[in-house]
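The values are calculated or read from the model by the stated rules, or taken from the named source; none is laboratory data. All values derive from a computational prediction rather than experimental measurement. Glycine also receives a Cβ, built like all others from the backbone with ideal geometry; neighbour counts cover every protein chain displayed.
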């Protein structure tokens, strides 16, 4: 250490003057005596060619010995090429952030780096490209099952056991599949946090295999040809609301998802060319989908057009044509006809078509999957576009409609279709 040029006695004896003055201690350290009698320890130093000053304490709280230790610590940082002033600023920033964190947590306000804040930012950024019902399910899962337990925690500090504990609560109420989907959503949030510099790793990956496995269940569907014939006769005999009857008759012919059917708009349907172009915004996979319409489907739609064609929706609600029919309309109609939920659902028409087109009529699986709007890729891994195999799919959809007509007559012996 440099030669000591100041003593405790000299510090105590120092009196204020009209202008500030220094009591030097060597190596840049000095005591600044101000006119208001305050005494501040200062350290002058040079970093990257610039002269700077650092406060290292206030006398008498910081005595001579402590001031020297503080100055020595600053010099050690300089020896390593680190500016002690920047270290001081960073420390103050961390302290301010910690105080703000405590305040926000006490007030129930999500932190910018909290799990909830990151999750909502992720949701806001990506949900615009999702189907509304899908987006609503995701945010409700997080709000109900994750935010109450982990929402206020800084996302980088959350550990795998903490996330597992929250997911176990979902399992305990019997919602096993929901627990798995919530884990998947949390993984997406953690990966977004990594990309935006607020976390270093995705802890959800550590929970692979930690949840109770999902039992594979299948939506009820009638696939036996004789039973399909009975179902179709029941649908044709429905005596309720005409729009619902048309939806019941059209559903097995086009086998789209229930939401895609009930929200169909006349602007999407070209009856002259026998096509239904469903926009990407309404499709689960966010890709536009083309449904070739059989002669029977066109007949149903032309009949319905006379009733609802002046409005927006093909299947408007019973009370107003400004909204599509409710998501329960088709199901409720089937229940009134005595078709139990254990046998058939609105989604079941898809499983029915998939099974029979493949196992009975012998159409190529990739044509069927494409018509179901599932992800179908070519041998090079590229996704087929919406018009892929369109000619063959037109033939398939007409053959399917003809086959369903035939099934309405009992004791039909099906013929296998050509697949090439």
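Things to note:
- Being in contact with a helix residue (DSSP H, G or I) (Cβ under 6 Å, 6 or more places away or on another chain) and at pLDDT below 85 is a condition met by at least one residue of segment 209-217.
- Within segment 160-202, the set of residues being assigned to a loop (DSSP other than H, G, I, E, B), in contact (Cβ under 8 Å) with a residue 12 or more places away in the chain and exposed (fewer than 15 other Cβ atoms within 10 Å of the Cβ) comprises 196, 200.
- Residue, farthest from residue 70 (Cα to Cα), within segment 38-50, restricted to residues that are exposed (fewer than 14 other Cβ atoms within 10 Å of the Cβ) and at pLDDT 90 or above: 38
- Scan of segment 149-159 for residues that are surrounded by 13 or more Cβ atoms within 10 Å (Cβ to Cβ), free of Cβ contacts under 8 Å to residues at least 40 places away in the same chain and not in a loop (DSSP other than H, G, I, E, B), ordered by number: 149, 150
- Being in a loop (DSSP other than H, G, I, E, B), in contact (Cβ under 8 Å) with a residue 24 or more places away in the chain and either outside the structural domain of residue 244 (by TED's automatic domain parsing) or on the phi > 0 side of the Ramachandran plot (or both) is a description that does not apply to residue 346.
- Residue match in segment 82-96 (condition: closer than 30 Å to residue 187 by Cα, in contact with a strand residue (DSSP E or B) (Cβ under 8 Å, 6 or more places away or on another chain) and at pLDDT below 90): no
- Look at segment 113-132: where a residue is over 18 Å from residue 144 (Cα atoms) and a partner is part of a loop (DSSP other than H, G, I, E, B), sitting 6+ places away or on another chain with Cβ atoms under 8 Å, you get 113/198; 129/286; 130/286; 131/283; 131/284; 131/286.
- Options 303, 287; residue that is touching a helix residue (DSSP H, G or I) at 6+ places or on another chain (Cβ under 9 Å) and assigned to a helix (DSSP H, G or I): 303
- Applying the set (1) touching a strand residue (DSSP E or B) at 6+ places or on another chain (Cβ under 6 Å); (2) outside any helix (DSSP H, G or I) to residue 67 leaves exactly one unmet item: (2).
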